[in-house]
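Right, one structure below, let's go through it.
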Amino acid sequence: MKTNKINDLQEIWQDYNPANYLAHDPDRIKKSILHSVKKTSKKILIQNIGKSLAIGFLLMGFIFLFYTIDIRTFYGFIGAGIILFSPLLMLIVYWNIRFASAKLNWSLPQDDFISHVLLKVKNHHIQFKKLFKWFVLVLIAGINLLYLEILSSLNLHERIGIHLGITFLLVILYFVGLKIRTHKFRKDFSPLTDELEKLKN
Amino acid sequence: MNVNQKEQRFKELLSENQAMIYRLCYAYLYHKDEVDDLFQEVMLNIWSSLEKFRGDAKISTWIYRIAINTALIYNKKKKKDTLFFKDIAYETYDKHQDDYGEVMEKEENLLALRKAIAKLKKQDRIIITLLLEGLKYEEIAEIIGISLNHTGVKINRVKAKLFKILSKNENQ
């Protein structure tokens, strides 16, 4: 093909008309859209069932645990309540703040869209870190309140030692969890963000 | 907008713009299945964004934006932007049909153009596709979200690159 005119290239390009192929089956578009909507709905349904099961198992596990402990004091109940509800609250808030392509504004100009996606991805990680920090702090408070009751028969030194040990363990778990999460976040989102950053520049 | 109105609007939009959307997907990916998949995803995003269209831009501009943005994210998700043309087979035509030679020439020209486009950077591919669709500089600037002057500079640069690649491929 020898040409140095954009008009010739436009002709070649626009001459390829897939409309005939697409119009071959008049219901094709409708079918494919419905198929995609059904596929997406099915995926969401499976995710929701998974979430409900996870919450159900979590609740059952905690209720069983508290039943066997036989809580009698006010702070014991508060601690148990915190342990019971903070993971649920954490999960619900997380599902709402996480990055989802369905929440993107697809009709923005390309440059704005790139910034919009980058901001959403960045916010997703920042908000998760904040949420996770608060979750661990609340959980530490809840567990320590519950242990106030459980350890009431021990002497002061032993109680302080166990409280410090539990707190220290949770702090370590927090840092490990955060590191794993950050690694996964980078692995999942780096190909996207790196490419978008390149395009932005 | 109820479901029937939405469906009606959607069908109207697609009958007017489906060829352009498909060609845009065609400039991004090379295997037919992939192109079909991206086309479907663009349609799905148009469908889900339809109620948000407020008329502050031309409907074709709005559709181009959705198509381009979907393609941007699609490539990253699928990581399939390094595909090769050797896998593409020519469509089969009846050698005895009257315009067989003409059809084959068109096919070869289109393939040569696609090969050249594939050698451009992502951003350049978007610009050249919009230009090949016959869009005005103002419209391209509005879709990409950069100034008219900047768009003009970019278009000239990309055009020069494309002709250089085409000429190089021709001589090989």
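Find how many whole Å separate the alpha carbon centroid of the stretch B:1-63 from the alpha carbon centroid of the stretch A:122-201.
Comparing the Cα centres of the stretch A:122-201 and the stretch B:1-63, I get a distance of 43 Å.
With the crude spin-label approximation of a point 7 Å out along Cα→Cβ, what separation in nm comes out for A:Lys42 versus A:Phe185?
Between A:Lys42 and A:Phe185, the label points sit 3.3 nm apart.
How big is the Rg/Rh ratio for the stretch B:103-172, C-alpha atoms only, Rh by Kirkwood, two decimals? Can you show the working numbers first?
On the way: Rg = 13.0 Å, Rh = 12.7 Å.
With Rg and the Kirkwood Rh in hand, the quotient comes to 1.02.
Rounded to the nearest angstrom and ordered from largest down, what semi-axes does the equivalent ellipsoid of the stretch A:85-201 get from its C-alpha gyration tensor (root of 5λ)?
Semi-axes (√(5λ), whole Å): 42, 15, 8.
Going by average Cβ density within 10 Å per residue, which order do the peptides A:44-55, A:94-105 take, highest to lowest?
Most protected by this proxy first, the peptides run A:94-105, A:44-55.
What is the average number of partner chain Cβ atoms found within 10 Å of a Cβ in B:41-50? Spell out each step's value before the answer.
Numbers: counts 2, 1, 4, 9, 5, 3, 4, 7, 4, 1.
The shielding value for this peptide is 4.
Modelling each spin label as a point 7 Å along the Cα-to-Cβ direction, I'd like the B:Arg9/A:Lys120 distance in nm, to one decimal.
2.0 nm
Please compute the average number of Cβ atoms from other chains found within 10 Å of each residue's Cβ in peptide B:125-137.
Numbers: counts 0, 2, 0, 3, 1, 0, 4, 7, 3, 6, 0, 0, 0.
Partner-chain Cβ atoms within 10 Å, mean over residues of B:125-137: 2.
Please work out the FRET efficiency for the pair B:Lys32 and A:Ile172, using the Cβ-Cβ distance as r and a Förster radius of 45 Å; give the result to the nearest 0.05.
Efficiency, rounded to the nearest 0.05: 0.30.
Once the Cα gyration tensor of chain A is found, what semi-axes does its equivalent ellipsoid get, as square roots of 5 times the eigenvalues, in whole Å, sorted largest first?
After scaling each eigenvalue by five and taking roots: 54, 23, 11 Å.
How would B:Arg114, B:Arg65, A:Arg181 line up from fewest to most surrounding beta-carbon atoms within 10 angstrom? Walk me through the numbers before you get to the answer.
On the way: B:Arg114 17, B:Arg65 24, A:Arg181 14.
Lowest count first: A:Arg181, B:Arg114, B:Arg65.
Viscosity 1.306 mPa s, temperature 10 °C: give me the Stokes-Einstein translational D for the protein assembly as shown in µm²/s, with Rh taken as the Kirkwood radius over C-alpha pairs.
64 µm²/s
With the cut-off at 23 Å, tell me which of the pairs A:Lys103/A:Lys130; A:Lys39/A:Lys198; A:Lys103/B:Lys6; A:Lys200/B:Lys168; A:Lys184/B:Lys122 have Cα atoms farther apart than that.
Values: A:Lys103/A:Lys130 21 Å; A:Lys39/A:Lys198 33 Å; A:Lys103/B:Lys6 20 Å; A:Lys200/B:Lys168 29 Å; A:Lys184/B:Lys122 26 Å.
The pairs that break the limit, which is 23 Å between Cα atoms, are A:Lys39/A:Lys198; A:Lys200/B:Lys168; A:Lys184/B:Lys122.
Gain in length, B:Gln123 to B:Glu107, computed as 0.36 nm per residue apart minus the alpha-carbon separation, to one decimal in nm?
Values: separation 16, 0.36 × 16 = 5.76 nm, distance 2.53 nm.
Gain on extension, B:Gln123 to B:Glu107, equals 3.2 nm.
Report the FRET efficiency, 1/(1 + (r/R0)^6), for B:Lys161 and B:Glu51, where r is their Cβ-Cβ distance and R0 is 51 Å, rounded to 0.05.
0.80
Here, each number is a calculation from the coordinates, and none is a lab measurement. Note that this is a predicted model, so its numbers are computed, not measured. When we count neighbours, we look across all protein chains shown, and the Cβ atoms used for this are built from the backbone with ideal geometry, even at glycine.
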